[in-house]
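Asker: One structure, pasted below without further comment.
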Amino acid sequence: MTTAQTEVPQWRRTSQNPEDRTPVISVRRLWKVFGPKAEQVPQSEELCGLSRRELMDRTGCTAAVRDVDFEVSPGEVFVVMGLSGSGKSTLVRCLTRLIEPTSGEVVFEGEDIRGADARRLRELRRRKFSMVFQHFGLLPHRKVVENVAFGLEIRGMGRGERMRRAREVVELVGLAGYENSYPDQLSGGMQQRVGLARALAGDPEVLFFDEPFSALDPLIRRDMQNEVIRLHHEVGKTMVFITHDLTEALKLGDRILIMRDGKMVQCGTGDELVGAPADDYVRDFVQDVPRGDVLTLRWIMRPAQDDDALDGPELGPDVVVREATRAVLAAEKPAKVVENGKLLGIVGDEEILAVVAGQQGGA
Amino acid sequence: MARHWRAGAAGLTVLGLALTGCVGAKVGDTAAGAKNADGSCGTFNLAVNPWVGYQADAAVVAYVAQHDLGCKVTKKNLKEEIAWQGFGTGEVDAVLENWGHDDLKKKYITDQKTAVSAGQTGNKGVIGWWVPPWLAKAHPDITDWRNLNKYAANFRTSESGGKGQLLDGDPSYVTNDAALVTNLKLNYKVVYAGSETALIQAYRNAEKNKQWLIGYFYEPQWFMTEVPLVKVDLPAYTPGCDADAAKIACDYPVYGLDKIVSARFARSGSPAYQLVKNFHWTNEDQNLVAKYIAVDKMSDEAAAKKWVDANRDKVEAWLK
Amino acid sequence: MAAVADTSGPVATWRQKVTRPMAVGAILVAWLVLFAVLRGRQTLTLAAADLTSLHRWLNDVNDTVGAGRDSNPLFLYFFNEIRLAIDHLVTFVQSLISQPTAGRPVPQIGWLGVVGIAGYLSWAVGNWRVALLAVAGFTFFGLQGLWQESMDTLALTLSAVLVALLIGIPLGVWAGLSDRCNKIMTPFLDFMQTMPTFVYLAPLTLVFLIGGASAVITTVIYAAPPAIRITAHAIRSVPATTVEAADSLGTTRRQQLLKVLLPLSQRTVVMGVNQTIMAALAMVTIAALIDAPGLGKTVVQALQSLDVGTAFNAGLAIVVMAIVLDRVTTAAAGRADTARRTGGALVRWRRPLLAAGGIGTAFLVYVSHTYVYAAEFPGDGTAGTHIASWADTATTWLQDHLSGLTNAVRDVITYGLLNPFQTLLTDSPWWLVGLTLVALGAVLGGRRAAVTAAVCVGLLVGTGLWSDGMTTLASTAVATVLVMLLGAVFGVWMGRSALVDRLVRPTLDAAQVMPPFVYLVPFLALFGATRFTAIVAAVVYAAPVAIKIIADGVRNVPESTVEATTSVGCTTWQIITKVQLPVARGALTLATNQGLIYVLSMVVVGGLVGAGALGYDVVAGFSQGQLYGKGLAAGLAIVLLGVMFDRITQAAARRTRA
């Protein structure tokens, strides 16, 4: 039984400059250390600099998140990416205080999360943010619609009203008809849709996703990714997304934060990561990405030279190379990269072919 | 589906009619037991200690109390310690057969004053060392304690560590055996079987398989009617020879088994108290009823009835 | 953390060179050598009737408590209220099903009504198969001529289980939620389950008087720990991801408990109810010693005249009741899941069927209330008489024909194994044995186990019953070895063959539930009043547990592993010894631990059949006032032995699994 197939949307373009609006979430110098007397680690210059092994031997502690700084703008999809042990799951849990941070600041819409008391924290969890988990976390003894309504039930909404809202959301995620089934009667992908619906039902400001599709088959995974993109278009919520899959990160994320061993490595848009990797680790990471799908013309253009014809097609700097390929190759003249009327550079056949064929480009 | 319902309902109705229709003897308001009571007796709490001889006493006394005096008798199966404890709380009115237990008498009669003696039962308790009849017949000199060391090796078992085994039974029974063995300089070790059941089974085995066995036993006991054990003579009892527990070197005294009642019960004036006070019979009487219960497997009620019907005159004497 | 630290430095290299078996061997050799040299010195023997000052002090405490009974406000206002409440409960249930009440010669609900209720309730919480079993079982009681006694036992058991659950489930929830509570409670639970009941029977009647209350409380003390432990385990077993998800939605603790933890732990909690019922039934015969009515009393009384047949008949009724209650509660545990899965059609039928069943049952109850034939079970219980005489004949036959063989076996094991080992333990200086135990604890279980061993050894010396403790220890060790042998043989056999499992398991269940008192007499006839008899009784009781654990362990060895070895060409024996047993190592250690605990719980029963030592001391304490203190000390000694070996074997288990 297949659910309603979601159409494959276009590759997204990088959105507007994220620095424009006030951030929804602001994280400063965040540390999470596990072990005895954890607080002493962030406070000590010396301990901060130790490697994982040295730190363990010296203090018996593990630093899962080390000095992480970032901001999430409203409406953006912010992806945190890393391999296992990089601290990404710990990080996202620190943001909602499912795990208590050791030190640092987490500010949500101007409010200091770490200072919130138990009551305020519950309120925040009920209304402001919700989370979708890797292993779904559904209640097996309740039907789908009851699972979706669970968050609303917690905050005290009446039965009729919450069921109505739950049914709306169930339809939104494409599970219409399965309201009265039990979780163990659904496939993995459908169960995760229930998880998604549950997270959306409370109309939160921010959605957190902890590797939600890692436990699903590749085909289902693709469907679910498209679902998330579609929902983002429709509902426009801010999302913080954790994954270890680079392709997924590039597909979904407006900006991507790469983590390694608890530390931030690089934070930027997809094309920035591919075009200007911060170090060998990132370069290694993005090695297998089809560059043409991620890089924009900004990265491959060259300055205009005197003998260039300047009446070729005009394209914006943020057009993805792949989309520009046909236009540039079909035109006999090189394309102009223009922004706000100003000529930034030229993109000719060689530039395009270099990317598409030779995987060269950028710094 | 409707058909199933109708069939089911019909079937149930038939069954219901059948159940109510046939054999309609109703549960009447028939009172339990003979309630031709003059009401003056009320409830009588009788402790029953866990040996069959006592059970026989209790069967007969309860039977008479119920049928002749109209009492409601509540029997409580308890070990001696717990039974004496119950005097103070009012849960136990009478103990029909007490073997010595000077320690309990001191605690509850003298010190706490919750119990009083109610006279003798007429039974004479004989504790001692006994051997199976085949052994007494095969080696008649074994009944003299001075020959015990001669036969010590024959009594050896896996439990007695190279010495002869002297088998003791239930720990609630008074025993001086450890001191006796030491003070009479016998090459024996006391092995604790732990229960009267174990002791009786050992004797049964010994008689059946012609095994050597010497152990602690007593009369009156129902088992004697099945296997008549033979007593071994220890140095005769003289008053005061058991004053110091560590230096005992004489046989057990003959116990006049007595009855103990709670002080409260004695003051109550209940006819049951009079019955208990007057109750007395012989070792043979008790052994007979005990045999009915243990060997013939009669119920307490049936065994008591049989004896009471055959000994009406004795019973009348108690009721005066 | 400590484990990580161990593998560095010079100490580690030495530790790596000396393997565990070598260390154990060295300790044992040292012990034997020193024993030969120092034999007979400082053995702390105490004669059977002797008391230490501790025992005398405990006696005095007991006497003071007893003397103050009528005046102490604690008694008057607290214990008395509890007693009255429980007495009312028991009397009420009894008047419903087993005892004649005011004005009626029979209880309120007669046999037909009870059978009807049993069937209906079993069907409602379980399925029709267990309902049929319940009806058959209950009818069987009547056929045995034991209807009233069975109902008395049922009333007592149900009251006790009710009280145990009322106390146990909330405590279990608390222990499940709070680590600290769990840590504090565990020693108490251990104590309640290992302290021999005999020890607190007499004081209990002092406080709660003789009657239903004492019997119920005795049972509750033994039956509540399983309820508490399993509920705590159930709460902790709720998947962490589900709890986290609920947490992330902003649940309060109360919402989390009511909406997530309790519903998800339901199935396991019902299993806990099952275990509570089984534990309660195990107390039936012991409660009879303080005049509790029911089947236990029949068994105990039959023993006085060595009436094996009657005892067996009553014991069989207890087994049947245990089986019925076990199957019904197990079905109840599974019902919630299965009903949902089979879907809607059956669910639609259920409610009207339940209503119809309810009406039918009410009707049966009415009939049994009014008509004699439905109130008193018809017939004379001839089935029971036949069972009894069959049991008698079988026992006599066994005694006649097997005595030679059984006596020989007894002598071989006693002279060959038990006596030498016991001499080694009792004739060594106490400090030598103590050191050995501590050293073994350290090698097998680590530092904490060694500390526990040291503390237990110290306390054991303090009880004044060291020598008796060593005697009991010898018998216990031999019994455990035999239990493990049986466990290995039958466990592997059952684990490898589903058919054998299905055939043997009912026998094992019956052996665990049959009151030991029932098979004491035949054993006495076969083996005499000896330590060996006590060992055999303990083995019969403890082996089923070990067998079942090992069978489960062997069965859980992954199919793929066994397949791989078969395809390489291993023989059956090689597969068993090289693959299945080693992989099931965890199960073997668990079986040893449980086997030992169960064997220890039979020490007191052993005292009734010639084991002497601690078992006899406890029984004596229960029977004689001046030995009360010694009996209490002996009970503590048994608990100490249990704790020491439980901690050592559990720590060893953790290490072998790691």
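The values are calculated or read from the model by the stated rules, or taken from the named source; none is laboratory data. Because the structure is a prediction, the values reported are computed rather than measured. In this analysis, Cβ positions are derived from the backbone assuming ideal geometry, glycine residues included, and neighbour counts consider all displayed protein chains. Ligands, DNA and RNA are excluded from the accessible area calculation, which covers all protein heavy atoms including side chains. Shrake-Rupley method; radii C 1.70, N 1.55, O 1.52, S 1.80 Å.
Asker: What's the number of the only condition in (1) out of contact with any Gly (no Cβ under 9 Å at 6 or more places or on another chain); (2) surrounded by fewer than 21 Cβ atoms within 10 Å (Cβ to Cβ) that A:D261 fails to meet?
Answerer: Every listed condition holds for A:D261 apart from (1).
Asker: So which pairs qualify, if the first residue must be in segment A:33-53 and at positive phi, the second must be in a loop (DSSP other than H, G, I, E, B), the Cβ gap must be under 6 Å, and the two must be at least 6 apart or on different chains?
Answerer: From residues that are at positive phi, the pairs are A:G35/A:G60; A:G35/A:C61.
Asker: Let me ask you something else. Of the numbered conditions (1) closer than 19 Å to A:S130 by Cβ; (2) modelled with pLDDT of 90 or more; (3) open to solvent by 50 Å² or more (accessible area, probe 1.4 Å), A:D203 satisfies every one except a single condition; which is it?
Answerer: Exception for A:D203: condition (2).
Asker: Sticking with this one: Just give me the residues in segment C:446-478 being outside any helix (DSSP H, G or I) and under 13 Å from C:W430 (Cβ atoms), in sequence order.
Answerer: C:G464, C:L465
Asker: Keeping to segment C:189-245, report how many residues are of a type in the set (S, T, Y) and under 30 Å from B:V92 (Cα atoms).
Answerer: Count: 7.
Asker: Moving on to the next point. Condition test on C:V115, is it part of a loop (DSSP other than H, G, I, E, B) and buried (at least 20 other Cβ atoms within 10 Å of the Cβ)?
Answerer: no
Asker: What number of residues within segment B:81-101 satisfy the criterion of being in contact with a Ser or Thr (Cβ under 8 Å, 6 or more places away or on another chain) and open to solvent by 10 Å² or more (accessible area, probe 1.4 Å)?
Answerer: Selection size over segment B:81-101: 5.
Asker: Looking for something touching a strand residue (DSSP E or B) at 6+ places or on another chain (Cβ under 7 Å), within 25 Å of C:G116 (Cβ to Cβ), modelled with pLDDT under 85 and in a helix (DSSP H, G or I) - is there at least one such residue anywhere in segment C:360-370?
Answerer: Yes, because at least one residue in segment C:360-370 is touching a strand residue (DSSP E or B) at 6+ places or on another chain (Cβ under 7 Å), within 25 Å of C:G116 (Cβ to Cβ), modelled with pLDDT under 85 and in a helix (DSSP H, G or I).
Asker: Taking A:R230, is it touching a residue at least 24 places away in the same chain (Cβ under 8 Å) and either within 14 Å of chain C (Cβ to nearest Cβ) or buried (at least 20 other Cβ atoms within 10 Å of the Cβ) (or both)?
Answerer: So A:R230 does not fit the description; no.
Asker: Take A:L152 and tell me if it is within 13 Å of another protein chain (Cβ to nearest Cβ), open to solvent by less than 50 Å² (accessible area, probe 1.4 Å), out of contact with any helix residue (DSSP H, G or I) (no Cβ under 8 Å at 6 or more places or on another chain) and assigned to a helix (DSSP H, G or I).
Answerer: The answer is no for A:L152.
Asker: Return only the number of the condition from (1) more than 7 Å from every other protein chain (Cβ to nearest Cβ); (2) touching a Gly at 6+ places or on another chain (Cβ under 8 Å); (3) open to solvent by less than 10 Å² (accessible area, probe 1.4 Å) that B:V174 does not satisfy.
Answerer: The one condition B:V174 does not meet is (3).
Asker: Taking the conditions exactly as written (in contact (Cβ under 8 Å) with a residue 24 or more places away in the chain, buried (at least 19 other Cβ atoms within 10 Å of the Cβ) and within 12 Å of chain C (Cβ to nearest Cβ)), does A:D210 satisfy them or not?
Answerer: yes
Asker: Also, I was wondering about something else. Condition first: of a type in the set (S, T, N, Q), under 23 Å from C:Q193 (Cβ atoms), assigned by TED's automatic domain parsing to the domain that holds C:G212 and touching a Pro at 6+ places or on another chain (Cβ under 8 Å). Can you find one or more residues in segment C:278-289 that meet it?
Answerer: Within segment C:278-289, one or more residues are of a type in the set (S, T, N, Q), under 23 Å from C:Q193 (Cβ atoms), assigned by TED's automatic domain parsing to the domain that holds C:G212 and touching a Pro at 6+ places or on another chain (Cβ under 8 Å).
Asker: On the basis of being in a helix (DSSP H, G or I) and touching a residue at least 40 places away in the same chain (Cβ under 8 Å), does C:I235 make the cut?
Answerer: It is true that C:I235 is in a helix (DSSP H, G or I) and touching a residue at least 40 places away in the same chain (Cβ under 8 Å).
Asker: Would you point out the residue of segment B:102-123, among those that are of a type in the set (D, E) and within 25 Å of the chain's Cα centre (by Cα), that is most open to solvent (accessible area, probe 1.4 Å)?
Answerer: Ranking the candidates gives B:D102 first.
Asker: Can you confirm whether segment B:75-86 contains a residue that is outside any loop (DSSP other than H, G, I, E, B), touching a Cys at 6+ places or on another chain (Cβ under 9 Å) and modelled with pLDDT of 90 or more?
Answerer: Among the residues of segment B:75-86, not one is outside any loop (DSSP other than H, G, I, E, B), touching a Cys at 6+ places or on another chain (Cβ under 9 Å) and modelled with pLDDT of 90 or more, which makes the answer no.
Asker: If you don't mind, another one. Kindly provide the set of residues from segment C:238-265 that are of a type in the set (V, I, T) and either more than 8 Å from chain A (Cβ to nearest Cβ) or in a helix (DSSP H, G or I) (or both), ordered by number.
Answerer: C:V238, C:T241, C:T242, C:V243, C:V260
Asker: Any residue that is surrounded by fewer than 18 Cβ atoms within 10 Å (Cβ to Cβ) and either under 18 Å from C:L364 (Cα atoms) or among the aromatic types (F, W, Y) (or both) - is there at least one of those in segment C:85-94?
Answerer: yes
Asker: Please state which one of A:L95, A:L121, A:L91 is in contact with a strand residue (DSSP E or B) (Cβ under 9 Å, 6 or more places away or on another chain) and either over 23 Å from A:G49 (Cα atoms) or open to solvent by 40 Å² or more (accessible area, probe 1.4 Å) (or both).
Answerer: A:L95
Asker: Which numbered condition trips up A:L257, out of (1) touching a Cys at 6+ places or on another chain (Cβ under 7 Å); (2) of a type in the set (A, V, I, L, M, F, W, C); (3) free of Cβ contacts under 8 Å to residues at least 60 places away in the same chain?
Answerer: (3)
Asker: Moving to a separate point now. Among the residues in segment C:289-310, are any within 13 Å of another protein chain (Cβ to nearest Cβ), out of contact with any Lys or Arg (no Cβ under 9 Å at 6 or more places or on another chain), more than 25 Å from B:G169 (Cβ to Cβ) and not in a helix (DSSP H, G or I)?
Answerer: yes
Asker: Now for a different question. Quick check on B:V126: is it open to solvent by 30 Å² or more (accessible area, probe 1.4 Å), more than 14 Å from chain C (Cβ to nearest Cβ) and under 18 Å from the mean Cα position of the chain (by Cα)?
Answerer: Yes; evaluated as a whole, the condition is true for this residue.
Asker: List the number of the failed condition for B:K35; all other conditions in (1) part of a loop (DSSP other than H, G, I, E, B); (2) modelled with pLDDT of 90 or more hold.
Answerer: Just one mismatch for B:K35, condition (2).
Asker: Which residue out of C:G606, C:G586 is open to solvent by 10 Å² or more (accessible area, probe 1.4 Å), touching a helix residue (DSSP H, G or I) at 6+ places or on another chain (Cβ under 8 Å) and either of a type outside the set (A, V, I, L, M) or not in a loop (DSSP other than H, G, I, E, B) (or both)?
Answerer: Being open to solvent by 10 Å² or more (accessible area, probe 1.4 Å), touching a helix residue (DSSP H, G or I) at 6+ places or on another chain (Cβ under 8 Å) and either of a type outside the set (A, V, I, L, M) or not in a loop (DSSP other than H, G, I, E, B) (or both) holds for just one of C:G606, C:G586, which is C:G586.
Asker: Check off (1) surrounded by fewer than 18 Cβ atoms within 10 Å (Cβ to Cβ); (2) on the phi > 0 side of the Ramachandran plot; (3) of a type outside the set (K, R) for C:A613 and give me the number that stays unchecked.
Answerer: Single failed check for C:A613: (1).
Asker: Within the set of pairs 6 or more residues apart or between chains, which connect a residue that is within 16 Å of B:Y255 (Cβ to Cβ) and of a type in the set (D, E, K, R) inside segment B:116-144 to a residue that is part of a strand (DSSP E or B) and open to solvent by less than 20 Å² (accessible area, probe 1.4 Å) with Cβ atoms less than 7 Å apart?
Answerer: none
Residues checked against (1) part of a loop (DSSP other than H, G, I, E, B); (2) open to solvent by 50 Å² or more (accessible area, probe 1.4 Å); (3) more than 13 Å from chain C (Cβ to nearest Cβ):
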position: A:R142; (1), (2), (3): yes, no, no
position: A:V145; (1), (2), (3): no, no, yes
position: A:M157; (1), (2), (3): yes, no, no
position: A:R162; (1), (2), (3): no, no, no
